[in-house]
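The values are calculated or read from the model by the stated rules, or taken from the named source; none is laboratory data. A quick note: this is a predicted structure, and the numbers were derived from the prediction, not measured. When we count neighbours, we look across all protein chains shown, and the Cβ atoms used for this are built from the backbone with ideal geometry, even at glycine. The accessibility values were calculated without ligands, DNA or RNA, using every heavy atom of the protein model including side chains. Shrake-Rupley method; radii C 1.70, N 1.55, O 1.52, S 1.80 Å.
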Protein chains: 2
Amino acid sequence: MQKATFYHAGCSVCLSAEHQFAAALDPSKFTVEVVNFADAPQRIAEAEKAGVVSVPAFVINGAAFHINFGASMADVKGSK
Amino acid sequence: MQKATFYHAGCSVCLSAEHQFAAALDPSKFTVEVVNFADAPQRIAEAEKAGVVSVPAFVINGAAFHINFGASMADVKGSK
């Protein structure tokens, strides 16, 4: 089972991506964890380490995939 | 069954996204079509109509989701 982590910040772009993608991944292949930085600001460091520069983004097998553009990580950190 | 169309232009960013995402969608929910504009330039118009402004991108249920950034549609059209 592979791990896919979906990082977001509660914005409308994020929620659209969450509804379409987080629920779309094959459950027989992926365990999907959804992380909202508004609830879990302590997860910001791990996301940045994985290469996340904006939200919403998936990290799958250590690679960051940014889905459209909701907010930069600078914005996310500024809004804590 | 929902339809997910993955548009790309053969670039390395595109191929990485294709390998991670096109194969990751739940096959019980989605029929995934992969369109390479290098092979099918006649599909550019439908992608732009759906809101695709760069590749790689998915169109799922009529909504465009851009994954990272490989090339703009202007670049795609310029390289035909």
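Applying the selection to segment B:67-80, what residues are part of a helix (DSSP H, G or I) and either among the basic types (Lys, Arg) or at positive phi (or both)? Talk me through it step by step, then tell me what you get.
Taking segment B:67-80 first, the residues part of a helix (DSSP H, G or I) are B:73-78.
Across segment B:67-80, the qualifying residue is only B:77.
What's the number of the condition residue A:1 fails, among (1) surrounded by 13 or more Cβ atoms within 10 Å (Cβ to Cβ); (2) over 19 Å from residue A:75 (Cα atoms); (3) at pLDDT below 90?
(1)
Within segment A:15-45, restricting attention to residues that are at the interface with chain B (Cβ under 8 Å from one of its Cβ atoms) and charged (D, E, K, R), which residue is most open to solvent (accessible area, probe 1.4 Å)?
Ranking the qualifying residues of segment A:15-45, first place goes to A:29.
Just need a number here: residues in segment B:15-66 that are among the acidic types (Asp, Glu) and either outside any loop (DSSP other than H, G, I, E, B) or touching a helix residue (DSSP H, G or I) at 6+ places or on another chain (Cβ under 6 Å) (or both). Explain how you work it out, then say what you get.
Going through segment B:15-66, the residues among the acidic types (Asp, Glu) turn out to be B:18, B:26, B:33, B:39, B:46, B:48.
Narrowing the set further to residues that are either outside any loop (DSSP other than H, G, I, E, B) or touching a helix residue (DSSP H, G or I) at 6+ places or on another chain (Cβ under 6 Å) (or both) leaves B:18, B:33, B:46, B:48.
Summing the residues that are among the acidic types (Asp, Glu) and either outside any loop (DSSP other than H, G, I, E, B) or touching a helix residue (DSSP H, G or I) at 6+ places or on another chain (Cβ under 6 Å) (or both) in segment B:15-66 gives 4.
Take the residues of segment B:5-14 that are within 16 Å of residue B:65 (Cα to Cα) and open to solvent by 20 Å² or more (accessible area, probe 1.4 Å): which is modelled with the lowest pLDDT? Write out each step before concluding.
Step one: of segment B:5-14, the residues within 16 Å of residue B:65 (Cα to Cα) are B:5-9, B:13-14.
Keeping just the survivors that are open to solvent by 20 Å² or more (accessible area, probe 1.4 Å) gives B:9, B:13.
Numbers: B:9: 93, B:13: 85.
Ranking the qualifying residues of segment B:5-14, first place goes to B:13.
Applying the selection to segment B:1-17, what residues are in contact with a strand residue (DSSP E or B) (Cβ under 6 Å, 6 or more places away or on another chain) and not aliphatic (A, V, I, L, M)?
Narrowing segment B:1-17 to residues in contact with a strand residue (DSSP E or B) (Cβ under 6 Å, 6 or more places away or on another chain): B:1-11, B:13-14, B:17.
Once the filter is applied, which keeps residues that are in contact with a strand residue (DSSP E or B) (Cβ under 6 Å, 6 or more places away or on another chain) and not aliphatic (A, V, I, L, M), segment B:1-17 yields B:2, B:3, B:5, B:6, B:7, B:8, B:10, B:11, B:14.
Out of everything in segment B:46-80 that is open to solvent by 20 Å² or more (accessible area, probe 1.4 Å) and of a type in the set (S, T, N, Q), what residue ends up being nearest to the other protein chains (Cβ to nearest Cβ)?
It comes out as B:68.
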